[in-house]
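Heads up: the structure comes next, in structure tokens.
What follows draws every value from the coordinates through simple rules; no lab data is involved. Everything numeric in this text was worked out from a predicted model, so none of it was measured. Note that each Cβ is placed from the backbone with ideal geometry, even for glycine, and that neighbours are counted across all protein chains shown.
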Amino acid sequence: MAAIVGKWGELFFWPGSTVNLISNFTLNQTTDAAEYIFQAREPITITRVGYRQGTVTGTAPTYVVALQGVDGSGFPDGVTKVNVGDCSVSVTPVSGGNSTWVWKTLDNSYTCTRGEWLSLVISTTGTVDASNNSSFAITGVGGVQTGEPFSIQNDNAVRTKQGTTPLFGYASAGTAYGWPLQTSGSSAFNSASTPDEKAVLFNIPTTWWSTYKVYGVAMYGAFTAGTTCDFVLYDTDGTSVLQNFTADTDQDHNPTASRRRVFIFDETTLSTLNAGSSYRLSIKPSATSATIQTFTVGATADMDAYFGGATVAQGSTRTDAGGWTDSNVTRWGLNPLLSDITAPSANSNNGIFFAVKP
Amino acid sequence: MGSATCTRVIVEKNGGLKFQFGKIELEFDSAEQARGASRESTDPRLLLVAAALQKGTDPASLAVVEGKSLTLDISPAKVLADVEAAAVAEVG
């Protein structure tokens, strides 16, 4: 038997929110700015920066998205990084781009070091007023209180640091970082809905570990009181049930409230799963609705910014036990809880640790 | 608690909703999501969103408040039901 290298852990395919909304900040003065403070995750050449456009009112001016440093107080240092020229890009939002994620290529790329403090600053020197402006997503995924990274509403030079997840992005030529988010929402559905079952489809790379078990599910969402809801682990064929747990929503602190809920599969013996094989972990409500959190990204590659990327985990749905439809730009609020993780055959020293997305 | 003034409601074609409060715009992908976020909140803006949603379950019904200014003062003594009733009257 292979050595157990991991006792237990949550696969944070869903990054942790329980209440979703996106808060946009309107830049309608030349002294306004949307600012995002973060540490670079890897030493890369940053060629692109990203933001989520909120709403254009009237005719928006040209805004500048600049890469700056961070001062000792956690504010942008006001100095745009330079590589031949400014590491910034000008953008002119139009209403057709409302509520969408936008990537822009910097006029000049910036090579950062691992852990370097950086800020992304959106501001304008153009003609802007209450009737001609654009808003930009400042925070989202409202249930998570964050300290780092964070965003700042700079309202007429008065800065207010925000306590929920900042929506921003930076990227090398091939990999996205940050929180590039296209939509964030919740979805109420029941056995009469289309779809009537939603799942996370996951396939653990064989380089991570060898075999493992799923002892439970962390569900991010809400229920209807006085009903039941099934959580099902399917085998690789998508139809054979390996494990099933029926939650009684009366056995809950506050079933209608959006919460992180942990349910434990109650089979006497848990199935042994194999890395390199696909499984689905689903939520399957009864005739009364359950609500599950969800987010989407604008492009498959943007999922690189989230644990597992677009290949290890995907969103999956089906109706009336029919064929599954998979989406590599969607995640649902369902995280597998693992136990009995054994070392990969190629390297017995490997191990995996789990944490909330930085 | 406090007060909140909703200066604009936008109903998106896809059912998404945006409620503007000064420079801040709260965006939801659906009325269901807005209700969920409002249900547990003491944020006056979200309470006002909940109140506006009393207009109906169809997001399109919120179009009647688009462009209107809604002001709601929330005192600690008030319960949410009172707030909703007051706001519904004002929205209507």
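Observations on the model:
- Model label zone, A:Lys161; criterion: amide N under 14 Å from point 7 Å along Cα-to-beta-carbon; scope segment A:42-74: A:70-74
- 3J(HN,Hα) from dihedral phi, segment A:322-334, Karplus parametrisation 6.51/-1.76/1.60, rounded to Hz, x for glycine, proline: x, x, 7, 10, 9, 9, 8, 10, 10, 10, 10, x, 9
- Highest GNM mean-square fluctuation among A:Thr207, A:Thr31, A:Thr268, for chain A modelled with Cα contacts below 10 Å: A:Thr268.
- Theoretical gain in end-to-end length, A:Thr239 to A:Ser271 [0.36 nm per residue, Cα-Cα removed]: 10.0 nm
- Taken over the Cα atoms of segment A:201-358, the convex hull encloses 126 Å³ per residue.
- Efficiency of FRET between A:Thr311 and A:Val262 - r from beta-carbon atoms, R0 30 angstrom, step 0.05: 0.70
- Residues of segment A:212-233 with an amide N closer than 13 Å to a point placed 7 Å from the Cα of A:Asp248 along the Cα-to-Cβ direction: A:226-229.
- Inter-chain Cβ neighbour average for residues A:180-188, partner chain, 10 Å: 4
- Rh (Kirkwood; distinct C-alpha pairs) - segment A:293-342, Å: 12.1
- For peptide A:275-288, the mean count of partner chain Cβ atoms within 10 Å of a residue's Cβ comes to 0.
- Annotation: extensible slack from A:Arg41 through A:Trp8 equals 9.3 nm (criterion: 0.36 nm per residue apart, minus Cα-Cα distance).
- Taking amide H as placed 1.01 Å from N in the peptide plane, the amide H of A:Gly298 sits under 5 Å from that of A:Gln182, each at least 5 places away or on another chain.
- Counting, for every residue in B:15-28, the Cβ atoms of other protein chains within 10 Å of its Cβ and taking the mean gives 6.
- Cα gyration tensor, segment A:18-150 - rounded (a/c under 1.5), prolate or oblate: oblate
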